[in-house]
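Asks: Attaching a single structure in structure tokens format; questions to follow.
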Amino acid sequence: MRGLKAFLQLIRPKQWTKNLVVFAGLVFSANLFDAAKLLQVLQLFVIFCLAAGVVYIFNDWRDMPGDRLHPQKKNRPLASKAISPRAAVTGAFVLLAISLAWSAALSPLMLGVVLLYLGLNAAYSLGLKHAVLLDVFTVTAGFVLRAAAGAWLIQVPISSWLLIVTTLLSLFLGFAKRRHELLVLGEKATQHRRSLGEYSAQLLDQIMGVVASATIIAYCLYAATSATAQDYRSLMLTVPFVLYGVLRYLYLVYQKNQGGAPEMILLRDRPMIVAILLWVLTVGLILYLK
């Protein structure tokens, strides 16, 4: 049972919330209650969770020495020796086989998307994670790919503005994470991640300010000018929740020294949870009770 618990920790179920982005096309095309399409996207969500598990295992296997220098990451199963590398790699191959077979059963296109997603993450682990700026852009590409895949699977259009918002929001979270790592690790930062030697707190503060502003503007333009907005003009009512969410995140980063684990903020910070739930409720009422 301890081995199973360690393996579950290794594939990080708490981070599976990141894969919810695959539902964007389904929700904003007003097809959430189409049972057939919902089932397809649910399957894609599970596939990406399994594929992400493969990525996490591969990353942790490669990063064991560096993770042991990190105050939080040293507790990861491989770094803490709670699970053996052999058991972890075996589990990764099982998850890989299931995710590829399942995605191929959905469609050849989804198989290609999952392979591209895995390739992006492999490139990140093997070198891009140490390239300044490109490290965060690579992670962002994975988010955009998942958002687009959800729409491609059910053959619905997805707004370019929505993809832009996804890109900017992912960049915002990614650079906030780099800032947190830089400040927490101090002189050991470059031992954990070489690209941190190319960043400074001042540079990251400026980047976050630019990206946060761009995220808000892009969402406002989506809510005001997209094809979805033309059919549902009251979509502008959702803007205050997005504005609050971005500003709340900035508050948590700068005043509470958080930002190292975005998924934990989404699960633990009550004001953020309330804002997200109100945004979801408002979007649902606008799109599905026109």
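The values are calculated or read from the model by the stated rules, or taken from the named source; none is laboratory data. Note that the coordinates shown come from a computational prediction; the quantities given were computed from them, not determined experimentally. Note that each Cβ is placed from the backbone with ideal geometry, even for glycine, and that neighbours are counted across all protein chains shown. We work out accessible area using only protein heavy atoms, side chains counted, and drop any ligands, DNA or RNA first. Shrake-Rupley method; radii C 1.70, N 1.55, O 1.52, S 1.80 Å.
Asks: With charges only on Cβ, +1 for K and R and -1 for D and E, what is the dipole size of the chain about its Cα centre, in debye, rounded to 20?
Replies: For the chain, the charge dipole is close to 840 debye.
Asks: Also, I was wondering about something else. Express in Å², to the nearest 10, the accessible area of Met236 obtained by rolling a 1.4 Å probe over the protein heavy atoms while all chains stay in place.
Replies: Rounded to the nearest 10, the figure is 80 Å².
Asks: How large, in percent, is the carbon and sulfur part of the accessible surface of the stretch 167-279 at a probe radius of 1.4 Å?
Replies: The value for the stretch 167-279 is 61 percent carbon and sulfur by accessible area.
Asks: Rounded, prolate or oblate for the stretch 162-290? Axes are the square roots of the Cα gyration tensor eigenvalues, ordered a ≥ b ≥ c, and the cut-off for rounded is a/c under 1.5.
Replies: prolate
Asks: Hey, any idea what % of the stretch 3-66's accessible area is carbon plus sulfur with a 1.4 Å probe?
Replies: Here carbon and sulfur together make up 72 percent of the probe-accessible area.
Asks: Then there's this: Could you work out the per residue convex hull volume over the alpha carbons of the stretch 196-247, in cubic angstrom?
Replies: For the stretch 196-247, the hull spanned by Cα atoms encloses 77 Å³ per residue.
Asks: Let me ask something else about it. Measuring with a 1.4 Å probe in the full set of protein chains, what accessible area per residue, in whole Å², belongs to the chain?
Replies: Value returned for the chain: 49 Å² of accessible area per residue.
Asks: Separate question: Is the chain best put as rounded, prolate or oblate by its Cα gyration tensor, with a ≥ b ≥ c the root eigenvalues, rounded for a/c under 1.5, and otherwise prolate when a/b is larger than b/c, oblate when not?
Replies: Since a/c reaches 1.5 but b/c is at least a/b, the shape of the chain is classed as oblate.
Asks: For the ranges 135-143, 35-43, 97-105, 242-250, what's the packing order if you count other beta-carbon atoms within 10 Å of each residue, average per peptide, and put the highest first?
Replies: By packing density, highest mean first, the sequence is 135-143, 242-250, 97-105, 35-43.
Asks: Among Leu196, Val136, Leu116, whose Cα lies farthest out toward the positive end of the dipole of the chain, if unit charges sit on the beta carbon of Lys, Arg (+1) and Asp, Glu (-1)?
Replies: After comparing all options, I get Leu196.
Asks: Oh, and also: Using only DSSP helix segments of four residues or longer, with each worth -39500 (n - 2.57), what per-residue ellipticity at 222 nm results for the chain after dividing by its residue count and rounding to 500?
Replies: Helix contribution divided over all residues of the chain: -24500 deg cm²/dmol.
Asks: Exceeding 28 Å between C-alpha atoms, which entries from my cross-link table qualify? They are Lys5/Lys37; Lys81/Lys129; Lys14/Lys81; Lys5/Lys256; Lys5/Lys188; Lys37/Lys177.
Replies: Where the Cα-Cα span goes over 28 Å, the pairs concerned are Lys5/Lys37; Lys5/Lys256; Lys5/Lys188; Lys37/Lys177.
Asks: Where in the chain are the DSSP H helices whose C-alpha atoms run 15 Å or more along the long axis and whose mean Kyte hydropathy is at least 1.6?
Replies: Result, helices passing both filters: 108-126, 270-288.
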